[in-house]
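Structure first, commentary second.
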Amino acid sequence: MTRIKRDTIAYLLIVGFSILMLTWAIPAYTPPYPGYGASPAMMPIVSVGVMLFMSCLSIVFIGVALYMNKPLPLEEREFPEDLEDGDGFTQVGRVNLYHLASIMIPCVLLVVAIEYIGYMLASFAFLIVLQYVIGNRKWVQSIVMAIILTAVLYIVMRYGFGVPVPGPQFF
Amino acid sequence: MEMIIAGLLDSISPASLIFLFGGVAVGVLVGAIPGINGPMAIALFIPVTYYMTPLTAIGFLVGLNKGAFFGGAVSAVLLRTPGTPEAAATTWDGYPLTQQGKGEKALRMALYSSVAGDFISTVVLILIAAPLAAVALFMGPAEIFALISVSLTIIAGIGTTSLSRGLVAAGFGILLGLIGTEPVTALPRLTFDVYQLGSGLSLIPVAIGLLAFSEILLQLERLSLKGDGEHAANVFSSKLEDRMVTFKEFFSNIKTLIRGSMIGIGVGAMPGLGAPVASFMSYDQAMKRSKNKEEFGKGSLEGIGASESANSAVVASSLIPLFVLGIPGNLAAAMLMGAFMIHGMQPGPLLFKENAQLMYGIYGSLMLASLFLLVIGRFGMRYFCKAVDIPAMILYPIVVFTCIMGSYLGQSSMFDVGVMLVFGFIGYFMRKFDYSYVAFLIGFILAPEWERALQQVVIISEYDTFMFFHRPVAVVLMALTFFVIARTFWVSINAGRKIRLEAASTAAGQHKSD
């Protein structure tokens, strides 16, 4: 997928989101006008309006450029990192969904698991899985690091800040 | 005078000194690690400051930021991989010196230049912030509303590659910043009946997700695609002249350092530009005015001095708009604004009136942080150099787990951890699709203040549509907002036209040669 196609899809999604906010979310979840000051819906409408207007404008610009068959700027045709060496901070590029899922899923599972099996076990298991996903196949190193990190943060939270660790306590 | 003395005494209390010293040391350490920068470190450490006094907390975070700015130079010099974006210009002369076996000399020059830039900038901040704040006190809600509008537009327009995407990001940030209790009716707004959203989205999980977690997602992606980075060479030569920066060498570059500091101060005081701009601008000016132009890019101490003095000067000067107007000019200042708010203070001109002792304490801490940076950098250089070699497989799980537990720590709430993950996900896509997370975050932080100002304008003016026209400063600022929008559009349209013309002429040339 070229960058221009992807940007157009993103703009269309923003347009859809903005319309949903304006027609449903803002009217349904904003208090009624109290009779003085600005309406509570005013600022949300203004901010969503800016998003909607700018996205529509960008779609129009892209459409006009394509219609007139003008060669588009290079950055609009391909990903910058495909064209030249990045400086290490150019982060625009292809979305790697597999990679994203491989990190996000263990994190979400940790949030769920911590409520059932407690901080200690959930954190230990999470750190082992995370290191495996990252590519660490040294099991001894993985286990030792998981134990140390879990214990250090437990001590910092429990005794350093006096904050209860999340989830049930089995130990 | 009593306030000044009391504030300065507060800044030299044992707790303040310990945390300030720790902040600078941790800052240099995290700055040296490629991929971790100052704002990200502040986001990760803000939850810890919940348990500190306001002065200790702000001192710790300011120290962290100052340390991270110098730390960025360590990996720039040793690996040719800048630890922070603003250190990119330092690589051009720092790495060639490392290749010549003079890595320590390059690092020392970077340190002394950083300290010089930081010190000059701190002095300027101390001299001008309070008088400017006294003037800013005359500003009413109309001016504040207009000022926030122009700041957001500048940040969305100048700090990004596309004004439209910048404004979309700022609009999204404002929308999410409005979630919670509506100020006039005191009723929930856009909470979708989720009771945890009643008090709005907390800044800490949003900032950790957007700045730290999404960055780590990208770093891990890069790691999986390209593997672990290079390792630092041994840069500590046994020859004294390859290690030391002599007085003569330092003072021969003093003009460059002062010019760099002034550029850094100017850029830092402007919203949206940021330290990388200061650093590149200063390097460019130094090269143009230097007697030894040919040495630039081959290991010039002057080049390192220009880049480092400018980027370090941004740290203190970016606090000028924050202290004077309550508007953060860059990400680090936005995070510091969050820290002020967590401790029950609203940054702005009233700070000098209501918390004068604290402000003088912060000034004291800022000055001491420069001194600590010199001491820590000078004596800990060898140890910080080892930080660039921490294996990614050990570092990233620690950072990910710290993101998760740091989000929990703020309010002891797993809901906040969920918020952090959601914003990490959003941040990943914002970076990939080139939507400015800086504009988003500053919009998110300023949204309540912006709305409050608008409500005050509407109520005070009794619905006078032309209220803004009675306030000349507000009119000028609103006109500036529209000017920035129009100019940015004009510049981008012209740039597009130029590229199209170049592409067309290249295609025509190729056709002819065929």
Quiz prompt | Cubic angstrom per residue, convex hull over Cα atoms of chain B | solution = 181 Å³
Quiz prompt | Over 26 Å [Cα-Cα, segment B:380-514], rounded percent | solution = 62 percent
Quiz item: So how far, in whole Å, is the C-alpha centre of segment B:187-220 from the one of segment B:254-305?
Solution: 37 Å
Exercise. Please give the average number of partner chain Cβ atoms lying within 10 Å of the Cβ of each residue in A:32-38, rounded to a whole number.
Key: 5
Quiz item: What residues qualify as long-range amide H neighbours of B:Arg189, i.e. H under 5 Å apart, gap of 5 or more or another chain, H built at 1.01 Å from N?
Solution: B:Gly180, B:Thr181, B:Glu182
Practice problem: Kindly state, as a whole number, the per residue volume in cubic angstrom of the convex hull around the alpha carbon atoms of segment B:9-168. | Solution: 158 Å³
Quiz item: Percent relative contact order of chain B, based on C-alpha pairs within less than 8 angstrom and at least six residues apart?
Solution: 28 percent
Practice problem: Give the shape of segment A:97-160 as rounded, prolate or oblate, defined through the alpha-carbon gyration tensor: a ≥ b ≥ c are the square roots of its eigenvalues, a/c under 1.5 means rounded, and otherwise the shape is prolate if a/b is larger than b/c and oblate if not. | Solution: oblate
Quiz item: Where the convex hull is taken over the Cα atoms of segment B:167-322, what is its projected area averaged over directions, in nm²?
Solution: 15.1 nm²
Self-check item: Cα centroid separation, segment B:436-480 to segment A:1-53 (Å)
Solution: 19 Å
Quiz item: Using a simple spin-label model with points 7 Å from Cα along the Cα→Cβ vector, what separation in nm is obtained for A:Val95 and B:Leu240?
Solution: 6.1 nm
Self-check item: Rounded, prolate or oblate (a/c below 1.5 giving rounded, otherwise prolate when a/b exceeds b/c) for the protein assembly as shown by Cα gyration tensor
Solution: rounded
Quiz item: When you count, for each residue, the other Cβ atoms within 10 Å and take the mean per peptide, how do A:159-165, B:76-82, A:9-15 rank with the highest first?
Solution: B:76-82, A:9-15, A:159-165
Exercise. Per residue of B:172-178, count partner chain C-beta atoms within 10 Å of its C-beta, then hand back the mean as an integer.
Key: 6
Quiz item: By the gyration tensor of its Cα atoms, with a ≥ b ≥ c the square roots of the eigenvalues, what is the shape of segment B:284-406: rounded for a/c under 1.5, prolate for a/b over b/c, or oblate?
Solution: oblate
Quiz item: Given the rule -39500 (n - 2.57) for each run of at least 4 DSSP H residues, summed and divided by the residues of chain B, what is its mean residue ellipticity at 222 nm, to the nearest 500 deg cm²/dmol?
Solution: -25000 deg cm²/dmol
Quiz item: Quick one: which of A:144-156, B:428-440, B:409-421, B:462-474 comes out on top by average Cβ neighbours within 10 Å, and what's the full order, highest first?
Solution: B:428-440, B:409-421, A:144-156, B:462-474
Practice problem: Find the all-direction average of the projected area of the Cα convex hull for segment A:12-62, expressing the result in square nanometres with one decimal place. | Solution: 3.6 nm²
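Each reported figure results from applying straightforward, stated rules to the coordinates on display, with no laboratory input. These figures come from a predicted structure and were not determined experimentally. Methodologically, a virtual Cβ is constructed for each residue, glycine included, from the backbone with ideal geometry; neighbour enumeration extends over all protein chains shown.
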